[in-house]
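Have a look at the structure below before the remarks.
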Amino acid sequence: MAEAAAVVAESLAGGRARAARTVLDQVVLPGEELLLPEQEDADGPGGAGERPLRLNAGARARVRVVCGPGLRRCGDRLLVTKCGRLRHKEPGGGSGGGVYWVDSQQKRYVPVKGDHVIGIVTAKSGDIFKVDVGGSEPASLSYLAFEGATKRNRPNVQVGDLIYGQFVVANKDMEPEMVCIDSCGRANGMGVIGQDGLLFKVTLGLIRKLLAPDCEILQELGKLYPLEIVFGMNGRIWVKAKTIQQTLILANILEACEHMTADQRKQIFSRLAES
């Protein structure tokens, strides 16, 4: 880790940008500029076959690149804004580009457009609900942002309720705005969460780990107890089992599994299954 950080610091001091494909899953530092392979331009400043990543390129570069958390669009450049490991997801068509983001272990959640989060209603002001999502400021939620809501048919939302929704507006210059419907106007699982259950907070890295398609923890939990569970990208988890004891056991397992190995988890699950 220290050697990787030293390499990044040396490249920043020398003013040299690094190719994104060569630093995937490696540490990047704030202020670094990324390069992307381009077959059309072999004489770019990054060497043969590479040039600075141009998000506003003309007709020659027909590659769609999406900037995720930790990366910022600065003119026609792509700059790193967080310290962490660079990740990349290929597009469905495999035509290049895709999604780039920085996987970092940060404590405070920063709202991102499209993220599904769990919030707590803290106030009601006219037609707007104020929702605490764990960020620097509360998010706004309109009473019309629920499935089937109209001026006459208002949703039954009270102060203190738990809300599961997604961000439609999230940037540094505007107040974050949430909705509880998808693009088709359907709730699709979003809305007010039931009164029973337990809400607790975990690290943002654990949330991303649990939401991974190949995560085995949720499969093992489902075999242990019947449960209902909701994950928020802001580090909040709501879980409910048949009894309070089972709910507390599931919450303790989820909090502790971040620092466990696969063998340790298997031992714990086998003990619980026997008891």
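The values are calculated or read from the model by the stated rules, or taken from the named source; none is laboratory data. Quick caveat: nothing in here was measured; it's all calculated off a predicted structure. We place every Cβ from the backbone using ideal geometry, glycine too, and count neighbours over all the protein chains shown. Areas reflect the complete protein model, heavy atoms only, side chains present, ligands, DNA and RNA absent. Shrake-Rupley method; radii C 1.70, N 1.55, O 1.52, S 1.80 Å.
Taking a probe of 1.4 Å, how large is the accessible area per residue of the stretch 224-275, in Å²?
58 Å²
Can you give me the % of accessible surface on the stretch 81-238 that is carbon or sulfur? Probe 1.4 Å, all protein chains present, nothing else counted.
Exposed carbon and sulfur together represent 50 percent of the surface.
Could you work out the local net charge near K124, counting Lys and Arg as +1, Asp and Glu as -1, over the other residues with Cβ closer than 12 Å to its Cβ?
0
Checking the a/c ratio against 1.5 first, then a/b against b/c, what shape does the Cα gyration tensor give for the stretch 198-274?
oblate
Averaged per residue, what accessible area in Å² does the stretch 115-192 show with a 1.4 Å probe, protein chains only?
About 53 Å² of surface per residue is accessible.
From the C-alpha coordinates alone, can you work out the Kirkwood hydrodynamic radius of the stretch 115-192, in Å?
With all distinct Cα pairs of the stretch 115-192 included, I get 12.4 Å.
So which of K82/K266; K209/K266; K113/K209 end up more than 23 Å apart, counting from Cα to Cα?
Listed pairs above 23 Å: K82/K266.
Considering only C-alpha atoms, what is the centroid distance from the stretch 181-208 to the stretch 157-177, in Å?
A separation of 12 Å, based on Cα centres.
What do you get for trypsin sites (Lys or Arg not before Pro) in the stretch 124-190 restricted to DSSP loop and a cutoff of at most 10 other Cβ within 10 Å of the site's Cβ?
K151, R152, K172
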